[in-house]
Amino acid sequence: MSHIKLNLESLSKFVGKAEIEGIGSEIAAAREVLMSGNGAGNDFLGWVDLPTRTDESLVERVEQEAERLAKMSETVVVIGIGGSYLGTRAVVEALATNDRKKNGANIVYAGHTMDPDYYALLLKRLDKEDYSVVVISKSGTTTEPAIAFRLIRQHLEKKYGKEDAKKRIAVVTDERKGALHSIAGAEGLPQFVIPDNVGGRFSVLTPVGLLPIAAAGYDIRNLLKGARKMQKECAEAKRMEESPVMTYAAIRNILYRKGYKIEVLTSFKYGLRYFSEWWKQLYGESEGKEGKGILPCSMNFTTDLHSLGQYMQEGERILFETMMEVKESTREYTVPNDAENIDGLNYIAEKTMTYVNNNALNGTRKAHYDGGVPVIGMEIERIDEEVLGEMIYMFEYACAVSGYTLGVNPFNQPGVEAYKTNMFRLLGKPGF
Ligand code: PA5
């Protein structure tokens, strides 16, 4: 059994049991399209059995390279954007908040922005720290990471000399093509492959995520173990009622048809804020096309209860909430007792912060439900590598089933080309 289950208490007045059953045949059909490989985008289904297909030799090679990089560096710079960046950050930030790092390097990011002010700060930091680089791009030609790689490689060569700099770079890219593949070949850099049939936003369990996550000191075997468990559950649950994953896909589609066009992924765990960023890319790029799709947004509570929480409570009733409810914390504090009690907090003195946070969660769930927001509760036992593996696979699978139910190809992203074409024309790139 996985460590994730749905809590539908705060949904009942918006979506009834009969409605969920009613859409069951559509969800089952969408799932069948996915599993039979007969649907649109079926050349990008390599993620479906990726957890069980990932063999010991690849895991070992990734672990060895991660250890090599981490040993010689205080910091590893991960260069990438979109699917070549967000999965790593989702996992690393979720685990870093839990303080579970063992013998790993600090991870910093590049290639996800073109703001020179960001690079000024980063390079200043890298002046002082020993570092190595993992550069990730499936196409090997994406502008943002390519510029970042030029900048950082120049810095690396200046700092360590051309030959030693090479020992501090690992590349994750296509097996056969792309500029990054050519550079790696010409310079003799260690290369890891992103399989052709795994799209960027579904690639976190390939070396795209595994290498930097291992370099950060986290256990990629347990990450894969969780994903395998969820893969098995998804493969075996033919009927919707047996599967929280398909039930989630069903409810999203029912709510969308009722006019709830925005899904807000929320959590009271600070470390999950980048998990939400990864989720937004996964769902936004997979479903937002042909004039259709739920807009994926996120809020981090209680922080955003003092900000967007106002809109959530009383704004236009077009949004629903998927609330990740994490039960356990890794560490704990209690609210100190204070004899003078000037701030009036003694009513919760000696209570744990988890107790207070969980009550905030229960209070928020009820307030949102009462205020007209359907809430899909997602109960998650704890945050560690295994559970994150389950969560990653679960959201990927639900995304594919949802997308097919919506009637789109969940595996392409034609819309991301529009800005590139304009930018290249403005920059005078040959051929544009
Ligand atoms: O999901 C996707 O395909 C995209 O977000 C890509 O991951 C992103 O554009 C980066 O592409 P690449 O890995 O080719 O540099």
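For the reader, a short list of remarks on this structure follows.
- Test result for Gly111, without any contact (Cβ under 8 Å) to a residue 40 or more places away in the chain, buried (at least 23 other Cβ atoms within 10 Å of the Cβ) and either within 14 Å of the ligand (Cβ to nearest atom) or not polar (S, T, N, Q) (or both): yes
- Residue ID - surrounded by the most Cβ atoms within 10 Å (Cβ to Cβ), chosen from residues in the range 329-372 that are part of a helix (DSSP H, G or I) and of a type in the set (A, V, I, L, M): Leu361
- Helices (runs of 4 or more DSSP H) contained in the range 119-225 and holding at least 3 residues within 16 Å of the ligand (Cβ to nearest atom): 143-160, 179-187, 207-215
- Just one of (1) in a loop (DSSP other than H, G, I, E, B); (2) outside the structural domain of Ala30 (by TED's automatic domain parsing) fails for Ile383. It is (2).
Yes/no per residue for (1) away from the ligand (no atom under 16 Å from the Cβ); (2) surrounded by 21 or more Cβ atoms within 10 Å (Cβ to Cβ):
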| site | (1), (2) |
| --- | --- |
| Glu277 | no, no |
| Lys292 | yes, no |
| Pro296 | no, yes |
| Thr303 | yes, no |
| His306 | yes, no |
| Met312 | yes, yes |
| Thr322 | yes, yes |
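- Each residue in the range 139-161 was checked for being farther than 13 Å from Ile79 by Cβ and modelled with pLDDT under 95, and 2 pass.
- Residue pairs meeting the criteria (Cβ under 7 Å; at least 6 apart or on separate chains; first at negative phi, in the range 30-45; second among the hydroxyl-bearing types (Ser, Thr, Tyr) and surrounded by 15 or more Cβ atoms within 10 Å (Cβ to Cβ)): Ala30/Tyr404; Ala30/Thr405; Val33/Tyr404; Leu34/Tyr404; Gly39/Tyr404
- Within the range 405-432, residues that are free of Cβ contacts under 8 Å to residues at least 24 places away in the same chain and exposed (fewer than 12 other Cβ atoms within 10 Å of the Cβ) reach partners that are in a loop (DSSP other than H, G, I, E, B) and not hydroxyl-bearing (Ser, Thr, Tyr) with beta carbons closer than 9 Å, at six or more positions or on different chains, in the pairs Thr421/Phe432; Asn422/Phe432; Arg425/Phe432; Leu426/Phe432.
- Single unsatisfied condition, Asn222 versus (1) surrounded by 20 or more Cβ atoms within 10 Å (Cβ to Cβ); (2) touching a residue at least 60 places away in the same chain (Cβ under 8 Å); (3) of a type in the set (S, T, N, Q): (1)
The values are calculated or read from the model by the stated rules, or taken from the named source; none is laboratory data. Computed from a prediction, not measured in an experiment: that's the story for all the values here. A quick note on method: Cβ atoms are made from the backbone with ideal geometry, for glycine too, and the neighbour counts reach across all protein chains shown.
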